[in-house]
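Asker: Mind having a look at this structure? Questions to follow.
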Amino acid sequence: MKSILLPVQQNEQMPSALETSRLAASLFDGVVEGVALFPAFTEIVSDPMVAAVIPPFDWSEADYIRRVQWSFHRYAAEHSTEPKEASRFRWRGGSVLKDASLGSLARVYDLTVLNRPGAGGGRMATLEAVLFESGRPILMAPPSPPKSLAQTVVIHWNGSMEVSRAIAMAMPILRKAKRVMVLSIEGNMVPGPSEQEAASHLRAHDVDATEKSIATRGQRPGVALLAEARAQGADLLIKGAYTQSRLRQMIFGGATQHVLAAAELPVFLVD
């Protein structure tokens, strides 16, 4: 995973996305390329079917790009102890990207790092644009900068095609991890292979994986998943996104929905 795309904007959690991208790049001696992401403005609704995002009258795209580019380079300078580390950060340039353009650009990067959606962080529309339009994985940064990445990895195994793809795309990371656990949650499986079979597959690829199944004990699956990841000391969660439809998750809840709202560790997501 040599090429990492980092959309940069002005929000409280941007330092965490910067640090998460730096840690990811250091795993593979890769490069983080920054781009300016269109900021969140208030939507103006003209009728029930049409909404437009209109910047304030005094907003300057050029000034905004200068500000986010400066914050990107400042972080690189402050968190690089040698020239080699500083060279891991590169500004791509160009105009401010909206979500749709970001989703297509991400197709030529190994990984895109995004803030967790929510107050002080990123937008759900941005995450979904990259998740559904790029065909590449997302590394979702937690609200606070992580101290490590991919030393202890938990894989949320539910037998689905989505998590199978996530494992395949995360294989370079898994081979570098010190500890990997394949975790299933009782009652949260789809028809498919067991967690034991998934762990066996990983061991065949030189990943020393263990497996575990837990009960929810009356909790929602997403709550149980994050609690167990925390108990294991995980610094990365690998997850297939939206095994249920997004509409069903919105109505009934689901593990992906909870992880996107509450994860306090980096999350590797693949649709």
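The values are calculated or read from the model by the stated rules, or taken from the named source; none is laboratory data. Please read these numbers as outputs of a predicted model, since none were measured by experiment. Every residue, glycine as well, gets a Cβ built from its backbone with ideal geometry; the counts of neighbours run over all protein chains shown.
Asker: Considering only the stretch 5-26, state which residues are outside any helix (DSSP H, G or I) and touching a strand residue (DSSP E or B) at 6+ places or on another chain (Cβ under 6 Å).
Answerer: Across the stretch 5-26, the qualifying residues are L5, L6, P7, V8, Q9, Q13.
Asker: Looking at the stretch 188-212, which of the residues that are free of Cβ contacts under 8 Å to residues at least 40 places away in the same chain and closer than 10 Å to N158 by Cβ is surrounded by the most Cβ atoms within 10 Å (Cβ to Cβ)?
Answerer: E195
Each row is one residue, and each column tells you yes or no for (1) over 23 Å from P143 (Cα atoms); (2) modelled with pLDDT under 95; (3) among the small types (G, A, S); (4) part of a helix (DSSP H, G or I).
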| residue | (1), (2), (3), (4) |
| --- | --- |
| A52 | yes, yes, yes, no |
| D63 | yes, no, no, yes |
| Q69 | no, no, no, yes |
| F72 | no, no, no, yes |
| T81 | yes, yes, no, no |
| S95 | yes, yes, yes, no |
| G103 | no, no, yes, yes |
| R107 | yes, no, no, yes |
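Asker: Quick test of your reading of the structure: P146 fulfils all but one of (1) assigned by TED's automatic domain parsing to the domain that holds A261; (2) part of a loop (DSSP other than H, G, I, E, B). Name the failing condition by number.
Answerer: Condition not satisfied by P146: (1).
Asker: Can you confirm whether R246 is modelled with pLDDT under 95, over 15 Å from W157 (Cα atoms) and either touching a helix residue (DSSP H, G or I) at 6+ places or on another chain (Cβ under 6 Å) or not hydrophobic (A, V, I, L, M, F, W, C) (or both)?
Answerer: So R246 passes the test.
Asker: Hey, can you tell me all the residues within the stretch 105-157 that are free of Cβ contacts under 8 Å to residues at least 40 places away in the same chain, under 21 Å from Q257 (Cβ atoms) and in contact with a Gly (Cβ under 7 Å, 6 or more places away or on another chain)?
Answerer: Once the filter is applied, which keeps residues that are free of Cβ contacts under 8 Å to residues at least 40 places away in the same chain, under 21 Å from Q257 (Cβ atoms) and in contact with a Gly (Cβ under 7 Å, 6 or more places away or on another chain), the stretch 105-157 yields A129, V130, E133, S134.
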